[in-house]
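Each value in this text was obtained by applying a stated rule to the coordinates, not by laboratory testing. Predicted, not measured: the structure shown is a model, and the values here were computed from it. Here the Cβ positions follow ideal geometry from the backbone for every residue, glycine too, while neighbour counts run over all protein chains shown.
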Amino acid sequence: MKHYEMPPCVRKTTIGGQAIIEGISMKGPQKTCVTVRKPDGTMTFEERPTPKPKNRFWKLPVVRGAYTLFTAMKDGVADVNYSAQFFEDDESIDTEPSRFEKWVEKHISSEKLEKLLMGVAMVLGTLLPIALFLVAPTLIVGFLPKGAPYFVRSLLEGVVRIILFLIFMWSISHMKDIERTFQYHGAEHKTIFCYEAGLPLTVENVRKMPRFHPRCGTSFMIVMMIIPILIFAFVQMDNVWMRMLLRLILLPVVVGIAYECNRWAGRSDNLFCRAIRWPGLQMQKLTVFEPDDSMIEVAIAAMKRVIPEDDSDAWK
């Protein structure tokens, strides 16, 4: 296993980001900044307070992972919609609205329609990955003979799940628009590394940083696929539908454990932590690409707007 050399780190930060359409959403402890490079080359910014759990229950270990994932998905849909408005298809401007579009405009306000679309997007964004990466592997392995050991079933499910994920990520990484989004993903990682190294946030300094970060969401996904292999290796249940139901019920627990593992692996640099984050770092080769200087400028602009003055982003 080749050791991935981390850049010198002066301080660990809790600041994280998400690549969107021609931009980056950077989230700090106090506020979140969505920065988009518009078609005319200028940058636009939208800032909002970073959501925090009001109930202490959602701050508990493991539980906070489920809360973080839900808010990230909710905010991610809103941020993508915000960035998409600057890149609407020009051909649709002169097109006559259909009957359905006219009915929607007449009976549903734009605000309600936007909330409806965001809700549908969130539901689809949740159900489709569950169907592809959770339900499908269980169905496929369900064809094994009933006498097959449970740890073999669990291992094969994990292998099928990872293979499906690899095929999916490899396929979308070759799409032009997604490729640019993955470049912004690289700009986000590099900028965070530069900040953690204590260097001034300049294009020159950011460009020298590595693009694979141990706290990346891709690493989180890989860990989330490996954990069920260990959990369900000891669950003796022959009925394939009951196994799927149990996996769905325990999904928040799996998410929470994966979140804690990812946090821990990103904080330390011992041999065990390096082993945990190695698969995720390798997977980032499919989701994190080298950015150009204009993308780095966007990441720097977003980063500067969320760095708190009170040092509250320090990872303690």
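Length gained on full extension, Tyr150 to Asn270, computed as 0.36 nm times the residue gap minus the Cα-Cα distance: 40.0 nm.
Pull out the extension gain between Leu60 and Asn239, defined as 0.36 nm times the separation in residues minus the alpha carbon to alpha carbon distance; nm, one decimal. Kindly include the intermediate steps, with their values, before the conclusion.
Numbers: separation 179, 0.36 × 179 = 64.44 nm, distance 3.35 nm.
Once the chain is fully extended between Leu60 and Asn239, it gains 61.1 nm.
Once the chain from Gln30 to Leu166 is taken as fully extended at 0.36 nm per residue, the excess over their C-alpha distance is 45.5 nm. Pop the C-beta distance of Thr42 and Leu248 into the FRET formula with R0 = 41 Å and round what comes out to the nearest 0.05. Result of the calculation: an efficiency of 0.35.
Taking each of Lys54/Lys208; Lys146/Lys285; Lys74/Lys304; Lys59/Lys146 in turn, the alpha-carbon distance tops 31 angstrom for Lys54/Lys208; Lys146/Lys285; Lys59/Lys146.
Each residue of the stretch 7-14 was assigned a 3J(HN,Hα) from its phi angle through the Karplus expression (A = 6.51, B = -1.76, C = 1.60, θ = phi - 60°), giving x, x, 10, 8, 7, 8, 10, 8 Hz with x at Gly and Pro.
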